[in-house]
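Everything on this sheet refers to the single structure shown next.
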Amino acid sequence: MLSVRCKVWVEQDGQAVFGDGRVQLLEGIRDAGSLTAAAKRLGMPYRTAWKHLSLMERAYGRRLVERTTGGATGGGCRLTPAGRKLLDGYLTFRKRLDAVVTRHARRFVDAP
């Protein structure tokens, strides 16, 4: 069965600052409570994950992740309310976009 997919991202001054891959990073932080663990799950170097997160925060002008430093219990991070709002909003947007793409793609994918 054929299916149509689309790739979408948000740019600032021609540079990608948000999209599906960065959403996976935020989901990993939300689920694991750690940038290190999120990066590991994605097979991404920590430095790259940190760069992506910093770029997103600069572009949006607000903190998306609240960081805690190490210590006896170790460090970690969690999404701020702005980070959760961005993630939830994008997931809703993506779901709706996929539905529109699927609906319109049927016109030529399913054509005889």
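None of the figures in this text is laboratory data; all of them are computed from the coordinates on show. Treat the numbers as computed from the prediction; the structure is a model and nothing was measured. Heads up, the Cβs are rebuilt from the backbone with ideal geometry, glycines too, and the neighbour counts pull from every protein chain shown.
Below is a table of values for the structure above.
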item	result
Residue order, fewest to most beta carbons within 10 Å, for 52, 104	104, 52
Mean residue ellipticity (222 nm) of the chain, computed from DSSP H runs ≥ 4 via -39,500 (n - 2.57), nearest 500	-19500 deg cm²/dmol
Options (1) 16.8, 65; (2) 20.1, 67; (3) 21.8, 77 - which one matches Rg and Dmax of the Cα atoms in Å as calculated here	(1)
Residues 80, 92, sorted so that the one with the fewest Cβ neighbours within 10 Å comes first	92, 80
Unit charges on C-beta of K, R, D, E only; dipole of the chain, Debye	100
Estimated distance in nm for a label pair at residue 62 and residue 48, the labels positioned 7 Å out from Cα along Cα-to-Cβ	2.9
Residue exposure sequence - 31, 13 - by fewest surrounding Cβ within 10 Å	13, 31
Estimated FRET transfer efficiency (residue 7, residue 78; beta-carbon r; R0 30 Å; 0.05)	0.60
Integer Hz, Karplus 6.51/-1.76/1.60 couplings in order for region 38-44, x for Gly and Pro	4, 4, 4, 4, 8, x, 10
³J(HN,Hα) computed for each position of region 13-27 - Karplus, 6.51 cos²θ - 1.76 cosθ + 1.60, integer Hz, glycine/proline x	6, x, 10, 5, 10, 7, x, 4, x, 6, 4, 4, 5, 5, 4
Amide proton proximity set for residue 10, modelled H, under 5 Å, gap of 5+	17, 18, 19
